[in-house]
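Report on the following structure.
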Amino acid sequence: MDKIKTMIISGGTHGNELTGVQLIKKWTTNPELCKKRASDINLDIVLVNPSAVAVVRRYVDHDLNRSFADYMLNGAPRSLCVEWNRAQELNQMYGPKGDSTKTDLIIDIHNTESNMGVCLILSEKNAFTMRASAEIANEFSDVHIYLQPEKRTTSPYFGTIARADICVEVGPQSHGTLRASLFEKTEQVVYRYLELASEWNAGLLQQKAKKKVTVFTQHKDIDYPRDRNGNISAMIHPNLQNADYAELKPQDPLFRTFDGKDILFENDYSVWPLFINEAAYYEKKIAMSTTLKSVEEW
Ligand SMILES: [Zn+2]
């Protein structure tokens with residue numbers, strides 16, 4: 001990746017994820033807190049879904065962070081859907097998604113109710129986002145890297161309207177609430193990204209020795225067991241609650257039915273689950289996302 005000339009720090013893509021909402025309010029009032037750390041970069045602070053923030057809900061009509069696929073931005077007529085309109089508006093202001101986008105880098109702040117600490121979600125193997133995230137994962141405790149490679153054109157995430165993006169996913173925090181420790185840690189991680197972006201532009205980050213990192217790569221999502229009417233028929237197994245990033249072996253307990261029976265993990269190999277019991281994913285039919293774990297030099 002060449003120099004990072006234009007960058008967005010964003011939050012409130014989901015209106016009830018308050019770490020990002022509150023940080024964006026803080027930085028909108030005092031942008032120098034961010035700008036002084038990367039004075040060579042043209043930086044915008046963006047509250048992504050103000051309508052959802054106003055009602056403290058994830059979204060109003062449709063998940064905004066599932067509204068940025070090419071066909072939604074280009075093909076769909078402007079509709080009564082709050083989020084599809086907002087997606088098209090953001091794409092006009094900061095995109096358009098693709099090679100001619102006005103934005104080099106987006107750092108989008110999210111929360112999860114899962115026990116994931118600070119999770120740096122990378123949508124592809126990009127030279128800057130890998131290098132910078134490797135530094136941060138080594139500098140901070142309980143910071144993990146989740147690689148979620150997806151085709152950029154079909155990916156529905158806000159960050160994909162930029163040339164590169166990082167989603168900073170922070171938990172555990174109940175939606176609609178704030179935790180000071182997570183707020184402060186997220187703030188420090190974002191400041192570090194800004195400094196590293198500036199170091200990248202000066203060619204300094206590229207000269208540093210690569211760092212060893214544990215990488216969790218997207219594998220498969222697992223849904224809850226369901227009855228014939230589509231209602232869930234079991235819960236996350238107590239052993240698995242809060243066990244994000246831990247190895248799940250074949251035949252380990254996965255779910256517990258309402259009658260107290262265990263449902264085991266029927267698989268030939270181990271996986272490492274994330275987003276275990278995330279509240280917002282019940283509607284998406286995801287009980288957890290599984291990953292494969294590797295150690296790499298980034
Ligand atoms: Zn979110």
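Observations on the model:
- Only a single criterion out of (1) under 25 Å from residue 111 (Cα atoms); (2) outside the structural domain of residue 64 (by TED's automatic domain parsing) is not satisfied by residue 180, namely (2).
- Test result for residue 40, under 30 Å from residue 188 (Cβ atoms) and among the acidic types (Asp, Glu): yes
- Residue check, residue 109 more than 16 Å from the ligand (Cβ to nearest atom), assigned to a strand (DSSP E or B) and open to solvent by less than 60 Å² (accessible area, probe 1.4 Å): no
- Single match in 186, 177 (criterion: in contact (Cβ under 8 Å) with a residue 40 or more places away in the chain, in contact with a helix residue (DSSP H, G or I) (Cβ under 6 Å, 6 or more places away or on another chain) and farther than 25 Å from residue 3 by Cβ): 186
- Among the residues making up segment 189-210, a single one is polar (S, T, N, Q) and without any contact (Cβ under 8 Å) to a residue 24 or more places away in the chain: 207.
- Pairs with Cβ under 6 Å, 6+ apart, first in segment 253-264 and touching a residue at least 12 places away in the same chain (Cβ under 8 Å), second surrounded by 16 or more Cβ atoms within 10 Å (Cβ to Cβ) and assigned to a loop (DSSP other than H, G, I, E, B): 253/237; 254/237; 254/265; 255/237; 256/237
- For beta carbons closer than 6 Å, sequence separation of 6+ or different chains, a first residue in segment 265-294 that is not assigned by TED's automatic domain parsing to the domain that holds residue 147 and a second that is of a type in the set (Lys, Arg) and within 16 Å of the ligand (Cβ to nearest atom), the qualifying pairs are 280/58.
- Residue in segment 243-265 that is among the charged types (D, E, K, R), assigned to a strand (DSSP E or B) and farther than 28 Å from residue 173 by Cβ present: yes
- Unmet requirement for residue 220, which otherwise passes all of (1) surrounded by 13 or more Cβ atoms within 10 Å (Cβ to Cβ); (2) within 20 Å of the chain's Cα centre (by Cα); (3) part of a strand (DSSP E or B): (1)
- Among the residues of segment 138-188, the ones that are of a type outside the set (Ser, Thr, Tyr), buried (at least 22 other Cβ atoms within 10 Å of the Cβ) and in a helix (DSSP H, G or I) come to 3 in all.
- Within segment 1-21, being more than 9 Å from the ligand (Cβ to nearest atom), closer than 17 Å to residue 113 by Cβ and open to solvent by 10 Å² or more (accessible area, probe 1.4 Å) holds for one residue alone: 18.
- Criterion (within 20 Å of the chain's Cα centre (by Cα) and either modelled with pLDDT under 95 or buried (at least 18 other Cβ atoms within 10 Å of the Cβ) (or both)) met by exactly one of 76, 52, 38: 52
- Residue, surrounded by the fewest Cβ atoms within 10 Å (Cβ to Cβ), within segment 116-130, restricted to residues that are within 16 Å of the ligand (Cβ to nearest atom) and over 18 Å from residue 10 (Cα atoms): 117
The values are calculated or read from the model by the stated rules, or taken from the named source; none is laboratory data. Keep in mind that what you see is a predicted model, and the values were worked out from it rather than measured. Ideal geometry is used to build each Cβ from the backbone, glycine not excepted, and the neighbour counts take in all protein chains shown. Please note that ligands, DNA and RNA were not included when accessible areas were found on the heavy atoms of the full protein model with its side chains. Shrake-Rupley method; radii C 1.70, N 1.55, O 1.52, S 1.80 Å.
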